[in-house]
Amino acid sequence: MRLIVTASVTQPTLRQALQDVPSTRIIIEQVETEYSGERTLTFWVESDDFAAFETAMSDDPTVTDVECLTTFSDRRLYRATQVGEGRAKSLYSALTTSGGDLQSVIGTATGWEYRVAFPDSGGLSRLRDICEEFGLDFTLLQKYQQTVHLDRISSAANQEVPPDLGLTPTQRETLLRAVDQGYYAIPREISLVELASQLGVSDQAVTERLRRAIVALTTNAFLLAEQESTPHDD
């Protein structure tokens, strides 16, 4: 059993930019702690005015080195370094050290909505304590117990399998390198620390990349198999 929590938190990262362009929504794709100690965010942006939001991001004191990675008609993928109050009051480390699995993080002009899976209720208590310590408003929106199983994979058989089985370019690169360098060999041919050094990130970042990559591969591989086994009308 896991405790699934959805909560709204007034975390300051990009809050100024979101309030300047309130039609914008941010979806966090990945959070990484680099080998140098810097915290890097990769995130999708949906907005009615990307130019205005990019200007707002350049003026926002919680991010720097903003770079647009991918552009579509309705959304763009960015990478930025989290700094200032955004980094100082980041919930990422507190969530991961308490066993939390970040399932989604969505930002709007009203705040950030976190969906997190905890192994037990202690994780939720820890999250509340951190928010209080940081002076962040915390509003619990939903919580429920979930039994871990694969039924949700087969029940989604009518969904489209994402390109590259749902892996981001960074996850794909990390997983391929781990396999190529013998991280999964028996006996293991490269350590996590050595792999992280090659990639120029922390070992925690590598662990997070590999975990997310394996979850995406497993989920979408089952989904693809389910689709292929489902009879289609000619």
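The values are calculated or read from the model by the stated rules, or taken from the named source; none is laboratory data. Because the structure is a prediction, the values reported are computed rather than measured. For accessibility, only protein heavy atoms count, side chains too; no ligands or nucleic acids. Shrake-Rupley method; radii C 1.70, N 1.55, O 1.52, S 1.80 Å.
Here are some notes:
- At full extension, residue 137 and residue 184 could sit 12.7 nm farther apart than now, given 0.36 nm per residue minus the alpha carbon distance.
- Each distinct pair of alpha carbons in the stretch 1-91 adds a 1/r term; the inverse of their mean, the Kirkwood radius, is 13.8 Å.
- Normalised by 2.2 N^0.38 Å, where N is the number of residues, the alpha-carbon radius of gyration of the stretch 50-90 equals 1.23.
- For the stretch 55-152, accessible area per residue (1.4 Å probe, heavy atoms of protein chains only), Å²: 55
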